[in-house]
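A quick write-up on the structure given underneath.
The values are calculated or read from the model by the stated rules, or taken from the named source; none is laboratory data. Bear in mind the structure is a predicted one, so any value in this text is a computation, not a measurement. Glycine gets a Cβ as well: all are built from the backbone with ideal geometry, and neighbour counts include every protein chain shown.
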Amino acid sequence: MSVARPEVAAPVEVVAARSTPRAIADWLGSLPLHVAIIGLTIAWIVPTLGLLVSSFRPLSEFATSGWWTALSPPFNFTLDNYRHVLDTSNLGQSFFNSFMISIPATVIPTTVAAFAAYSFSWMRFWGRDWIFLAMVALLAVPLQVTFIPVLSLFIKLGLNATFLGVWLAHTGYGLPFAIYLLANFFRALPADLFESAEIDGAGTLTVFFRIVLPLSVPALASLVIFQFLWVWNDLLVALIYLGGTPEVAPLTVTLANLVGSLGQGYQYLTAAAFVSMIVPLIVFFSLQRYFVRGILAGSVKG
Amino acid sequence: MASVTYDHVVKRYTPDVAAVRDFNVEIADKEFMVLVGPSGCGKSTALRMLAGLETITEGKIRIGERVVNGVAAKDRDIAMVFQSYALYPHMSVYDNMAFPLQMKRMPKAEIEKRVKQASGILGLDNFLKRKPRALSGGQRQRVALGRAIVRHPQVFLLDEPLSNLDAKLRAQTRIELQKLHRELETTFIYVTHDQVEAMTMGDRIAIMYDGVLQQVGTPDEIYDHPANLFVAGFIGSPTMNFVPVTVQNGTAKASGFEVALPQPVESRKGTLGFRPEALTDRDLNGSAVDMSVDVVERLGSDQFLYGQVGGDTVTARVDPRMKVTPGDRVRLGLDLRSLHLFDAETDRAVL
């Protein structure tokens with residue numbers, strides 16, 4: 001009964017909103033905001049658009065004029081760049097490798113972070129706040145300083161140039177942010193829920209799986225997107241720990257190899273960028289409603 | 001179905017800050033006991049210690065004959081309704097109510113039977129598939145009650161369950177809760193800061209202030225014989241009139257009047273207390289006060305006069321047909337049978 005009421009009221013409001021001077025004033029008042037948003041969106045899209053246009057231009061023009069000149073006659077487009085990229089001998093293998101790296105390197109840190117964040121936010125143990133603080137401080141450690149010590153450790157353990165090594169590396173790099181994000185989200189869950197569950201007889205693990213996780217889907221989804229995009233687009237970590245051998249090289253490494261050591265063939269990079277972008281775009285669009293909610297998740301209680 | 005006993009219970013958060021001090025109450029089986037007091041008085045802490053959500057610093061809490069100090073919350077055979085209802089937002093109404101039973105690994109058929117029974121009692125049959133966010137405040141409150149009912153607990157704990165409802169719904173739910181208590185024949189312990197809820201619902205009331213239990217008794221006992229100045233001022237609306245007096249030869253002398261006390265008292269100085277309804281427009285054997293009226297409030301069934309007697313502020317509750325306008329001086333009879341005298345040093349009732 002209470003649901004029916006807004007359905008009845010809504011059409012009346014819409015009619016009123018279109019016709020009254022007040023509504024027009026409101027619309028004019030929000031105009032600057034709309035203009036600013038559209039302006040920002042264009043500013044963000046233009047470079048990508050330029051890249052897209054460039055990827056269809058032949059090398060001769062690519063090297064001599066800006067991409068915008070291609071938008072006026074004479075139109076001179078070609079698919080050569082894409083043909084070259086897609087003909088690269090081990091493209092399929094690289095795609096496979098990228099998935100082999102990205103999926104576990106997303107699932108492992110997200111899982112570990114969820115457990116850790118739950119204990120940091122809702123369990124009491126000695127030194128909890130200090131450990132959490134130390135972990136957050138790790139956010140400030142630049143990735144690059146870890147390469148040599150970690151790599152020499154991996155070599156001792158026989159983990160270099162293995163997928164396991166790069167999964168562990170990505171897990172380590174991803175965990176501080178992942179735990180931080182999830183712990184903040186979990187902490188905002190109302191304490192009464194946990195007390196109620198305690199009285200209802202739910203143990204720690206039951207609370208985690210049946211209450212915390214279902215309520216944290218937005219935060220988990222946004223974390224999965226962040227981590228997946230970062231791992232998928234990563235060149236540096238993969239290059240360091242996996243090396244460039246075709247059997248293990250992910251897409252980013254293979255595509256970077258298209259460019260010769262003297263920079264020849266750099267026009268292929270534009271097409272390669274779009275090829276490698278396909279997967280992140282699919283991930284983003286399929287999860288974007290969680291993504292937007294997840295970014296707001298820690299700050300605004302929804 | 002069990003009694004609850006608080007035996008010298010103390011709760012300290014830090015060594016020198018006690019939230020609850022030496023708390024002793026016996027709550028009989030099937031009784032509706034209300035813990036009432038201003039916010040921060042320790043009433044919720046007392047309830048949460050019984051629920052097992054807070055540790056007990058000193059003393060013992062017994063449910064029936066069993067000391068529950070070391071018993072986990074889930075094994076105490078209690079159910080609690082929270083102020084915020086604490087419904088699981090991602091579960092349907094049915095699942096919310098079934099959750100505590102699933103945790104006990106009860107067979108599905110039994111769970112369904114109990115949930116259906118509870119939803120029947122609470123009128124939730126048509127809402128079992130809904131999520132809490134699609135319910136009104138009153139319905140959510142009933143789901144929270146349902147989640148407690150399905151467990152067939154020995155004791156119901158209710159922590160300000162009505163304070164998120166609007167006034168009309170609150171009055172209605174108050175009555176429903178009393179009916180529910182009669183139907184379930186279970187011990188209810190109800191925490192509130194609202195003295196109206198306490199007076200209307202409780203078989204007995206325990207009044208707390210600053211971590212200390214002030215008085216336990218039936219609503220009538222507490223209203224008619226408050227043990228001390230705090231209880232006298234906390235229960236009753238409008239509040240009891242307090243007038244500082246000196247006592248000599250069985251007569252209490254205030255700034256604007258004096259009355260002969262019905263029985264001799266020890267105290268020399270104190271506070272004379274009388275409820276607004278102890279002042280009437282009838283003449284009562286010569287004991288009377290002269291009041292200059294500042295404000296008149298007519299409520300239809302009642303008329304409240306606010307004004308001064310001598311140097312003291314006094315409220316009177318008189319017949320609504322009495323014609324009074326602000327600025328008038330009226331002579332009101334004082335009912336000597338409902339006089340209270342509180343000692344100036346101890347604040348305890350001596351009359």
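Could you go through the range A:157-178 and let me know if any residue there is farther than 27 Å from A:ALA238 by Cα and more than 19 Å from the chain's Cα centre (by Cα).
No, the range A:157-178 has no match at all.
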Among the candidates B:SER92, B:SER163, residue that is touching a residue at least 40 places away in the same chain (Cβ under 8 Å) and away from chain A (no Cβ under 12 Å): B:SER163
Matching residues in the range B:111-132 - criterion: being under 14 Å from B:PRO89 (Cα atoms) and within 30 Å of the chain's Cα centre (by Cα): B:PRO132
Close pairs (9 angstrom Cβ cut-off, 6 or more residues apart or separate chains): in a loop (DSSP other than H, G, I, E, B) in the range A:82-94, β-branched (Val, Ile, Thr) anywhere: A:THR88/A:THR254; A:ASN90/A:THR254
Matching entry among B:TYR190, B:TYR223 (being in contact (Cβ under 8 Å) with a residue 12 or more places away in the chain, within 25 Å of B:SER136 (Cα to Cα) and not charged (D, E, K, R)): B:TYR190
Checking B:VAL34 against (1) farther than 30 Å from B:PHE127 by Cα; (2) in contact (Cβ under 8 Å) with a residue 40 or more places away in the chain; (3) surrounded by fewer than 22 Cβ atoms within 10 Å (Cβ to Cβ), the condition it does not meet: (3)
Any hit, the range B:54-75, residues being within 10 Å of chain A (Cβ to nearest Cβ), more than 16 Å from A:ASP192 (Cα to Cα) and without any contact (Cβ under 8 Å) to a residue 60 or more places away in the chain: yes
Of all residues in the range A:181-193 being within 26 Å of A:PRO109 (Cβ to Cβ) and surrounded by fewer than 19 Cβ atoms within 10 Å (Cβ to Cβ), the one that is farthest from the other protein chains (Cβ to nearest Cβ): A:ASN184
Selection count where residues are surrounded by fewer than 20 Cβ atoms within 10 Å (Cβ to Cβ) and more than 10 Å from chain A (Cβ to nearest Cβ), scope the range B:95-107: 2
Qualifying position, being under 22 Å from the mean Cα position of the chain (by Cα) and at pLDDT 90 or above, among A:VAL231, A:VAL253: A:VAL231
Members of the range A:220-233 found to be crowded, with 19+ Cβ neighbours inside 10 Å and away from chain B (no Cβ under 14 Å), listed by number: A:ALA221, A:SER222, A:LEU223, A:VAL224, A:ILE225, A:PHE226, A:GLN227, A:PHE228, A:VAL231, A:TRP232
Residue in the range B:115-129 that is within 11 Å of chain A (Cβ to nearest Cβ), closer than 22 Å to A:LEU193 by Cβ, buried (at least 16 other Cβ atoms within 10 Å of the Cβ) and in contact (Cβ under 8 Å) with a residue 60 or more places away in the chain present: no
Residue match in the range A:239-247 (condition: surrounded by 22 or more Cβ atoms within 10 Å (Cβ to Cβ) and in contact (Cβ under 8 Å) with a residue 24 or more places away in the chain): yes
Single residue of the range A:194-219 satisfying the filter (within 13 Å of chain B (Cβ to nearest Cβ) and within 25 Å of the chain's Cα centre (by Cα)) that is surrounded by the fewest Cβ atoms within 10 Å (Cβ to Cβ): A:PHE209
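Residue-by-condition table, conditions (1) closer than 29 Å to B:ASN228 by Cα; (2) touching a strand residue (DSSP E or B) at 6+ places or on another chain (Cβ under 7 Å):
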site: B:ASP290; (1), (2): yes, yes
site: B:VAL295; (1), (2): yes, yes
site: B:PHE304; (1), (2): yes, yes
site: B:ALA316; (1), (2): yes, yes
site: B:ARG321; (1), (2): no, no
site: B:ASP328; (1), (2): no, yes
site: B:ARG337; (1), (2): yes, no
site: B:ALA349; (1), (2): yes, yes
Boolean, B:LEU87 is within 12 Å of chain A (Cβ to nearest Cβ) and either part of a strand (DSSP E or B) or closer than 20 Å to B:HIS181 by Cα (or both): no
Qualifying residue in the range B:146-168 (condition: under 17 Å from the mean Cα position of the chain (by Cα) and hydroxyl-bearing (Ser, Thr, Tyr)): yes
All positions within the range B:267-310 that are among the hydroxyl-bearing types (Ser, Thr, Tyr) and within 13 Å of B:LEU339 (Cβ to Cβ): B:THR271, B:SER287
Total residues in the range A:248-267, condition crowded, with 21+ Cβ neighbours inside 10 Å and in a helix (DSSP H, G or I): 6
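Answer yes if at least one residue in the range B:190-203 is closer than 30 Å to B:MET106 by Cα and outside any loop (DSSP other than H, G, I, E, B), and no otherwise.
yes
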Residue list for the range B:244-255, filter: surrounded by 16 or more Cβ atoms within 10 Å (Cβ to Cβ) and assigned to a loop (DSSP other than H, G, I, E, B): B:ALA254
Within the range B:266-291, tally of residues that are modelled with pLDDT of 85 or more and surrounded by fewer than 15 Cβ atoms within 10 Å (Cβ to Cβ): 3
B:GLY327 vs. criteria touching a Ser or Thr at 6+ places or on another chain (Cβ under 7 Å) and not in a helix (DSSP H, G or I): no
Single condition A:GLY172 does not satisfy, out of (1) buried (at least 19 other Cβ atoms within 10 Å of the Cβ); (2) more than 14 Å from chain B (Cβ to nearest Cβ): (1)
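Across the range B:2-36, what is the total count of residues that are closer than 26 Å to B:PRO153 by Cα and in a loop (DSSP other than H, G, I, E, B)?
6
Suppose we filter B:HIS152, B:HIS193 for residues that are modelled with pLDDT of 90 or more and closer than 28 Å to B:HIS225 by Cα; which single one remains? Walk me through it before giving the result.
Numbers: B:HIS152 fails: closer than 28 Å to B:HIS225 by Cα.
Every option except B:HIS193 fails the conditions.
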